[in-house]
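Q: Questions regarding the structure given below will be posed in turn.
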Amino acid sequence: MIRNANQKRQLALSLPLAALCTLSACTSEPELPKPDVVFMITLDTLRADHLGSYGYMRDTSPNLDAFAKESVFFENAITTMSTTLPAHVSLFTGTHTIHHGVESNFNMSFNGFEARDDLNSMVPVFQREGYQTAAFVSTVPLMKNTGIHLGFDEFFEPDLEKEEYFLSAEVINEKVYSWLETRPEGPAFVWIHYSDPHSPYVPPKGFNTFREDPELNKVIATRMGKQPNKQVIDLYNAYDGEVRYLDHELGELFKAIRKHGLYDNSVITIVGDHGEGLEQHGWIAHGPIYDEQILVPLMIKFPKGSPLNGTRYESVTSIIDIPNIMDGGADLPFHDDDRKLWQGFDVLNEFDSHGVFSARVIRGDRDHIFKSGRRFSLTEDRWKYFYLTEHEDELFDRINDPHELVNVIDQYPDVAARMKANVSGLMERYWNKTNDGESQPPLPAGVEKGLEALGYTD
């Protein structure tokens, strides 16, 4: 096991060098592999701790677990916000939510990134450099009306006129298979988004197989700090069935990618956008920024032969680090001018550990989103600090209290003060206030109905 970034960095530097050394010469700066395709696969509402590779006791994820073993596996990946659209905008722009300003699924301002010189989405960069770009989106919050389609040559999404608000993983895969059959020659960037296991939790036939398990009940009780009732047990069973279905479809996707000869020589990034409450801290769906909501799976497989594949990274990592991590492990078409606006790090080659910043807007109403309450958190390897605008701050010991049940801020005032200062510094450095107080535009026809159908209310 690779224990930290220093060891991983040494591995990344030594193994490629040895491979490139010949009887006649040895290159001191080994070339990074150039992938055929860069796949970005985002998994909506998937908790990391419901996968076998993250220690879950149930057999929910055999395909993802196998993929994890041949990838760079990030044990503590943290999202920027427990909401779909803001998290995806952070992923593509490599910036904090407080900077890009998209803080809700009701916030349609991502279109404005073209007019800002302090944001740079990686998707138009791929397009500019001659990559074919295609997106397969399964849910309303990520449709074209948000502007997230900018930079994509092809963009597949639900049809609101048919009242499609949610496309199953099977439907998304069929669209991907068709694209693979007809795609043009040359490099490509492909974004595939799956909504499963987003609520409502209704596993397809053949996947609703999980039943009450006394051992699992003990796990739930540990997570919640109390014994689960039937509602919670039923939530777990249905949610895990959804996860198992998603994993099955991911296995089918991997088969298709292999069939087209793309698996070995592609970068494949799999990341969750956020987690789910499942009644922890009183939330069924996604809301606060406790770890069950923001700790997400992250696995990146580089082209075959990369010494990074099959390693683990234990320290906390942000989803805004992903563009830099991918660029550090493969020959991608990013230039210094592209990277300078990304706020994340190439953690495998640059840093041993850094705090990860997350935020959550508590909306009063859509027109005054920036005047509503906010919650901020800073996650370190051991500590989690909450800065709460509407409540007293909190501090949790992630090592001794991984489920964040006991606020220890009074026991560790120095830690709290240091982390609060770090949060304040991040806010002062990155908060873009250009949208503060601005009214949000009316939602496009059909979008509000679609959001409500998915459980989002104003």
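The values are calculated or read from the model by the stated rules, or taken from the named source; none is laboratory data. Small disclaimer: the values here were computed from a predicted structure and weren't measured. No Cβ is skipped: glycine too gets one built from the backbone with ideal geometry, and neighbour counts run over all protein chains shown.
Q: Within segment 175-185, is even one residue in a loop (DSSP other than H, G, I, E, B) and touching a residue at least 24 places away in the same chain (Cβ under 8 Å)?
A: Here is the first cut: in segment 175-185, the ones in a loop (DSSP other than H, G, I, E, B) are 183-185.
Filter once more, keeping what is touching a residue at least 24 places away in the same chain (Cβ under 8 Å): 183-184.
Yes, because at least one residue in segment 175-185 is in a loop (DSSP other than H, G, I, E, B) and touching a residue at least 24 places away in the same chain (Cβ under 8 Å).
Q: Of the residues that make up segment 101-118, is at least one outside any helix (DSSP H, G or I), modelled with pLDDT of 90 or more and buried (at least 20 other Cβ atoms within 10 Å of the Cβ)?
A: Going through segment 101-118, the residues outside any helix (DSSP H, G or I) turn out to be 101-108, 116-118.
Checking the rest, the ones that are also modelled with pLDDT of 90 or more come to none.
No - not one qualifying residue is present in segment 101-118.
Q: Then there is this: If you go through segment 150-160 one residue at a time, how many are more than 24 Å from Ser199 (Cβ to Cβ) and surrounded by fewer than 21 Cβ atoms within 10 Å (Cβ to Cβ)?
A: Residues of segment 150-160 that are more than 24 Å from Ser199 (Cβ to Cβ), as a first pass: 150-155.
Right, trim to surrounded by fewer than 21 Cβ atoms within 10 Å (Cβ to Cβ) and you get 150, 153-155.
Selection size over segment 150-160: 4.
Q: Related question: Within segment 126-142, track down each residue that is at pLDDT 95 or above, buried (at least 21 other Cβ atoms within 10 Å of the Cβ) and touching a Pro at 6+ places or on another chain (Cβ under 7 Å).
A: Listed by number, the residues that qualify are Phe126, Tyr131.
Q: Could you say whether any residue in segment 26-49 is of a type in the set (S, T, N, Q), surrounded by fewer than 23 Cβ atoms within 10 Å (Cβ to Cβ), modelled with pLDDT of 95 or more and farther than 16 Å from Asp273 by Cβ?
A: Just the residues of segment 26-49 that are of a type in the set (S, T, N, Q), to begin with: 27-28, 42, 45.
With surrounded by fewer than 23 Cβ atoms within 10 Å (Cβ to Cβ) added as a condition, the list becomes 27-28.
Adding the requirement that they be modelled with pLDDT of 95 or more leaves none.
No, every residue in segment 26-49 fails to be of a type in the set (S, T, N, Q), surrounded by fewer than 23 Cβ atoms within 10 Å (Cβ to Cβ), modelled with pLDDT of 95 or more and farther than 16 Å from Asp273 by Cβ.
Q: Please state which one of Leu235, Leu262, Leu295, Leu246 is of a type in the set (A, V, I, L, M, F, W, C), surrounded by 22 or more Cβ atoms within 10 Å (Cβ to Cβ) and farther than 26 Å from Ser315 by Cβ.
A: Numbers: Leu235 fails: surrounded by 22 or more Cβ atoms within 10 Å (Cβ to Cβ); Leu262 fails: surrounded by 22 or more Cβ atoms within 10 Å (Cβ to Cβ); Leu295 fails: farther than 26 Å from Ser315 by Cβ.
So the residue among Leu235, Leu262, Leu295, Leu246 that is of a type in the set (A, V, I, L, M, F, W, C), surrounded by 22 or more Cβ atoms within 10 Å (Cβ to Cβ) and farther than 26 Å from Ser315 by Cβ is Leu246.
Q: What number of residues within segment 323-333 are touching a helix residue (DSSP H, G or I) at 6+ places or on another chain (Cβ under 9 Å) and either surrounded by fewer than 19 Cβ atoms within 10 Å (Cβ to Cβ) or not assigned by TED's automatic domain parsing to the domain that holds Ser266 (or both)?
A: 1
Q: Suppose we filter Ser178, Ser121 for residues that are among the hydroxyl-bearing types (Ser, Thr, Tyr) and within 20 Å of the chain's Cα centre (by Cα); which single one remains?
A: Numbers: Ser178 fails: within 20 Å of the chain's Cα centre (by Cα).
Answer to the check: Ser121.
Q: Would you confirm, using the coordinates I've provided, whether Glu276 is assigned by TED's automatic domain parsing to the domain that holds Asp153, within 30 Å of Thr379 (Cβ to Cβ) and in a helix (DSSP H, G or I)? Walk me through how you get there before you give the answer.
A: Details: assigned by TED's automatic domain parsing to the domain that holds Asp153: yes; within 30 Å of Thr379 (Cβ to Cβ): yes; in a helix (DSSP H, G or I): no.
No.
Q: Give me the pairs, please: first residue somewhere in segment 134-162 and in the same structural domain as Val102 (by TED's automatic domain parsing), second residue anywhere and surrounded by fewer than 23 Cβ atoms within 10 Å (Cβ to Cβ) and of a type in the set (Lys, Arg), beta-carbon distance under 7 Å, and either six or more positions apart or on two chains.
A: Cβ pairs passing all conditions: Phe136/Lys175; Phe155/Lys144; Phe156/Lys175; Glu157/Lys144.
Q: Report yes if some residue within segment 187-198 is touching a Gly at 6+ places or on another chain (Cβ under 9 Å), within 30 Å of His88 (Cβ to Cβ), among the small types (Gly, Ala, Ser) and part of a loop (DSSP other than H, G, I, E, B); otherwise report no. Lay out the reasoning, then the answer.
A: Within segment 187-198, the first condition is being touching a Gly at 6+ places or on another chain (Cβ under 9 Å), and the residues that meet it are 187, 189, 197-198.
From what's left, within 30 Å of His88 (Cβ to Cβ): 187, 189, 197-198.
Okay, now just the ones that are also among the small types (Gly, Ala, Ser), so none.
No, every residue in segment 187-198 fails to be touching a Gly at 6+ places or on another chain (Cβ under 9 Å), within 30 Å of His88 (Cβ to Cβ), among the small types (Gly, Ala, Ser) and part of a loop (DSSP other than H, G, I, E, B).
Q: Still on this structure: Applying the selection to segment 379-408, what residues are crowded, with 18+ Cβ neighbours inside 10 Å and free of Cβ contacts under 8 Å to residues at least 24 places away in the same chain?
A: Glu394, Phe396, listed by residue number.
Q: If you don't mind, there's one more thing I want to ask. List, please: which pairs have Cβ atoms under 9 Å, are six or more places apart or on different chains, and start with a residue in segment 328-351 that is in a helix (DSSP H, G or I) and end with one that is of a type in the set (Asp, Glu)?
A: Here the result reads Gly328/Asp346; Gly328/Glu350; Gly329/Asp346; Asp338/Asp327; Arg339/Asp327, each pair linking segment 328-351 to a residue that is of a type in the set (Asp, Glu).
Q: Going through segment 298-322 one residue at a time, which ones are of a type in the set (D, E, K, R) and surrounded by fewer than 24 Cβ atoms within 10 Å (Cβ to Cβ)? If you could, list the steps in order and put the result at the bottom.
A: Taking segment 298-322 first, the residues of a type in the set (D, E, K, R) are 301, 304, 312, 314, 321.
Within segment 298-322, Lys304, Arg312, Glu314 meet the criteria.
Q: For segment 352-362, how many residues meet the condition of being modelled with pLDDT under 90, closer than 25 Å to Arg374 by Cα and assigned to a loop (DSSP other than H, G, I, E, B)?
A: Going through segment 352-362, the residues modelled with pLDDT under 90 turn out to be 352-354, 360-362.
Pick out the ones that are also closer than 25 Å to Arg374 by Cα and you get 354, 360-362.
When the remaining residues are screened for being assigned to a loop (DSSP other than H, G, I, E, B), the result is 354.
Residues flagged as modelled with pLDDT under 90, closer than 25 Å to Arg374 by Cα and assigned to a loop (DSSP other than H, G, I, E, B) within segment 352-362 amount to 1.
Q: Of the conditions (1) surrounded by fewer than 15 Cβ atoms within 10 Å (Cβ to Cβ); (2) over 21 Å from Ala48 (Cβ atoms); (3) small (Gly, Ala, Ser), Gly225 satisfies every one except a single condition; which number is it?
A: Result: Gly225 passes all but (2).
Q: Could I ask something else about it? Within segment 161-171, can you find the residues that are surrounded by fewer than 22 Cβ atoms within 10 Å (Cβ to Cβ) and either under 16 Å from Met40 (Cβ atoms) or not hydroxyl-bearing (Ser, Thr, Tyr) (or both)?
A: Taking segment 161-171 and keeping what is surrounded by fewer than 22 Cβ atoms within 10 Å (Cβ to Cβ), we get 161-164, 166, 168, 170-171.
Selection gives Glu161, Lys162, Glu163, Glu164, Phe166, Glu170, Val171.
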